[in-house]
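Reviewing the structure listed below.
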Amino acid sequence: MHLNRRNFAKTLAAASLGALIPTNSFASAPAIIKRSGKLKLSFRTYELQLTHTFTVASYSRNTTPVVLTEIEYEGLIGYGEASMPPYLGESQASVTSFLKKVDLEQFNDPFRLDDILTYVDSVDKNNRAAKACIDIALHDLIGKIVNQPLYKLWGLNPTKAPMTSFTIGIDTPEVVREKTKEASRFEVLKVKLGKGNDKEMINTIREITDVPLYVDVNQGWKDKNKALEMIHWLKEKGIVFVEQPMPKTQIDDMAWLTENSPLPTVADEAFQRLSDVAKFKGVYSGINIKLMKSTGLREAHKMITVAKALDMKVMIGCMTETSCAVSAAAQLSPMVDWADLDGNLLIDNDVYEGMKVVKGKVTLNELPGIGIKKL
Ligand code: MG
């Protein structure tokens, strides 16, 4: 049989993503392709400069440390990224030390995602961002080999990608007013609360705009009755949902709040990986998946599927990241209810170009893999 480029690509896609794509569409493709190259991982540290000081309930910062990875295979390069906001406990030192322990050269077929990523997960516990930067680069590489964006390989319709929110950090009314005006191209805003000036934050934004608002309290409310009272007030102000209203340890209070809340609640800090999803059914209405928590795209895809089966809402979020990790997360966005994919828009020194926000909406391109180019 003549192996043209189209059949070649289809065969590779079928080999790697067989569970996700009907196999009968590849019935005419050859069954075996021998691959002989090695996977070569390289990485470098990089410091993201934030456009504005970023303040949430517990801290402020002006930079975010990241590690940028590349996986090279037979002349193609997949890009990945680990982002380490300090509260998650990883650092450039911990990520590079993890990556030095990873031996990808033992693998000669990037489509063996199960083998490779199960091995990577076993190298050491935790290190979720470090694992994500390998997962992302590997997915990017696979997309480049078959010359297709990931959302197509997953069978997703890019026009179903949601609006993305843009985040307004906690600040003085003057600064909040300014930031809200700067964010006028977004159709949804996400407002950080939990530092005692909640009503002032919302009222200031409402002076400028009527767009729907997501609220993220970052565990800032400690009393469930006061939290419920505030959620009722927020509902009147056009808030869509409340993310991580209470400390992640107050599980019973959270379950009570979710049961009584007129708005959906979303778990973020409380929640990391696939094994957490079922535990939080009934405690929160939904989950905020981030690649830096989920160890990357493969597990995030599974988490979305499980959460939907449990009738939970799904949000996809990000850290402050370059367009690399943000564009990777965007590939999954047609599957979710809400997106908060603005991490690349909060920095001054991006090194990639990728997913765009057009009229407030996550807009996926036709580039293969995670859909990025180096700047
Ligand atoms: Mg959050």
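Which one is modelled with the lowest pLDDT among residues in the range 332-361 that are closer than 13 Å to M163 by Cβ and within 16 Å of the ligand (Cβ to nearest atom)?
Only one residue tops the list, namely D342.
Contact list please: Cβ distance under 8 Å, first residue in the range 198-209 and under 11 Å from D171 (Cα atoms), second residue assigned to a helix (DSSP H, G or I), pairs at least six apart or on different chains.
Matching pairs, first to second residue: D198/M230; E200/P173; M201/V176; T204/P173; T204/V176; T204/R177; T204/T180.
If you take the residues of the range 45-64 that are in a strand (DSSP E or B) and not hydroxyl-bearing (S, T, Y), which of them is least open to solvent (accessible area, probe 1.4 Å)? Before you say what the answer is, go through the steps one by one.
Pass one, the range 45-64, residues in a strand (DSSP E or B): 45-55, 60-64.
Add one more test, that the residue is not hydroxyl-bearing (S, T, Y), and what stays is 47-50, 52, 54, 61-62.
Numbers: E47: 73, L48: 0, Q49: 81, L50: 19, H52: 75, F54: 32, R61: 27, N62: 84 Å².
If we take residues in the range 45-64 being in a strand (DSSP E or B) and not hydroxyl-bearing (S, T, Y), then L48 is least open to solvent (accessible area, probe 1.4 Å).
Answer with yes or no whether E236 is at pLDDT 95 or above, open to solvent by 30 Å² or more (accessible area, probe 1.4 Å) and not assigned by TED's automatic domain parsing to the domain that holds T53.
On the way: at pLDDT 95 or above: yes; open to solvent by 30 Å² or more (accessible area, probe 1.4 Å): yes; not assigned by TED's automatic domain parsing to the domain that holds T53: yes.
Judged against the criteria, E236 is a match.
Just to be sure I understand, how many residues within the range 76-128 are open to solvent by 50 Å² or more (accessible area, probe 1.4 Å) and small (G, A, S)?
Counting residues in the range 76-128 that are open to solvent by 50 Å² or more (accessible area, probe 1.4 Å) and small (G, A, S) gives 4.
Out of the residues in the range 340-369 that are touching a Gly at 6+ places or on another chain (Cβ under 8 Å) and more than 30 Å from A309 (Cα to Cα), which is surrounded by the fewest Cβ atoms within 10 Å (Cβ to Cβ)?
Filtering the range 340-369 for residues touching a Gly at 6+ places or on another chain (Cβ under 8 Å) gives 340-341, 344, 354-355, 364-365, 367-369.
Checking the rest, the ones that are also more than 30 Å from A309 (Cα to Cα) come to 344, 354, 367.
Numbers: N344: 25, G354: 25, L367: 19.
Checked the range 340-369; the qualifying residue surrounded by the fewest Cβ atoms within 10 Å (Cβ to Cβ) is L367.
Which one of K313, K281 is touching a residue at least 12 places away in the same chain (Cβ under 8 Å), within 30 Å of D114 (Cα to Cα) and touching a Pro at 6+ places or on another chain (Cβ under 6 Å)?
K313
List the helices (runs of 4 or more DSSP H) inside the range 272-320, counting only whole elements, that have at least 2 residues being open to solvent by less than 10 Å² (accessible area, probe 1.4 Å) and either out of contact with any Lys or Arg (no Cβ under 7 Å at 6 or more places or on another chain) or within 16 Å of the ligand (Cβ to nearest atom) (or both). So that I can check it myself, show each step before the final result.
Numbers: elements: 274-277, 291-294, 297-309.
In the range 272-320, the matching helices (runs of 4 or more DSSP H) lie at 291-294, 297-309.
Could you check the range 321-339 and list, in sequence order, the residues that are in a loop (DSSP other than H, G, I, E, B), open to solvent by 10 Å² or more (accessible area, probe 1.4 Å) and either in contact with an Asp or Glu (Cβ under 6 Å, 6 or more places away or on another chain) or not aliphatic (A, V, I, L, M) (or both)?
Our first condition is that a residue be in a loop (DSSP other than H, G, I, E, B); within the range 321-339, this holds for 321-322, 331-332, 336-337.
Subset that is open to solvent by 10 Å² or more (accessible area, probe 1.4 Å): 336-337.
D337 - this is the single residue of the range 321-339 that is in a loop (DSSP other than H, G, I, E, B), open to solvent by 10 Å² or more (accessible area, probe 1.4 Å) and either in contact with an Asp or Glu (Cβ under 6 Å, 6 or more places away or on another chain) or not aliphatic (A, V, I, L, M) (or both).
With respect to the numbered conditions (1) loosely packed, with under 15 Cβ neighbours inside 10 Å; (2) at pLDDT 95 or above, which one is the sole condition not fulfilled by L20?
The failed condition is (2).
Would the range 217-229 turn up any residue that is more than 14 Å from the ligand (Cβ to nearest atom) and of a type in the set (S, T, N, Q)? Steps first, please.
Our first condition is that a residue be more than 14 Å from the ligand (Cβ to nearest atom); within the range 217-229, this holds for 222-229.
Subsequent filtering for residues that are of a type in the set (S, T, N, Q) retains 225.
Looking through the range 217-229, at least one residue is more than 14 Å from the ligand (Cβ to nearest atom) and of a type in the set (S, T, N, Q).
When you check A329 against the structure, is it out of contact with any Ser or Thr (no Cβ under 7 Å at 6 or more places or on another chain) and either modelled with pLDDT under 95 or under 24 Å from K313 (Cβ atoms) (or both), yes or no? Quick ask: steps written out before the conclusion?
Values: out of contact with any Ser or Thr (no Cβ under 7 Å at 6 or more places or on another chain): yes; either modelled with pLDDT under 95 or under 24 Å from K313 (Cβ atoms) (or both): yes.
Criteria met by A329.
Return the residues of the range 260-271 that are within 17 Å of P247 (Cα to Cα) and either open to solvent by 10 Å² or more (accessible area, probe 1.4 Å) or away from the ligand (no atom under 14 Å from the Cβ) (or both); say none if nothing qualifies. Walk me through it before giving the result.
Narrowing the range 260-271 to residues within 17 Å of P247 (Cα to Cα): 261, 264-271.
Residues satisfying the conditions are S261, P264, E269, A270.
Considering only residues that are of a type in the set (D, E, K, R) and away from the ligand (no atom under 16 Å from the Cβ), look in the range 244-258 and name the one that is most open to solvent (accessible area, probe 1.4 Å). Lay out the reasoning, then the answer.
If we filter the range 244-258 for residues that are of a type in the set (D, E, K, R), which is where we start, we get 248, 252-253.
Retained after the next criterion (residues that are away from the ligand (no atom under 16 Å from the Cβ)): 252-253.
Details: D252: 128, D253: 46 Å².
Restricting to residues being of a type in the set (D, E, K, R) and away from the ligand (no atom under 16 Å from the Cβ), the top hit is D252.
The values are calculated or read from the model by the stated rules, or taken from the named source; none is laboratory data. Bear in mind that the values here come from a model prediction, so they are computed numbers and not experimental data. Please note: Cβ atoms are built from the backbone with ideal geometry, for glycine as well, and neighbour counts cover all protein chains shown. All accessible areas refer to the heavy atoms of the entire protein, side chains included, with ligands and DNA or RNA removed. Shrake-Rupley method; radii C 1.70, N 1.55, O 1.52, S 1.80 Å.
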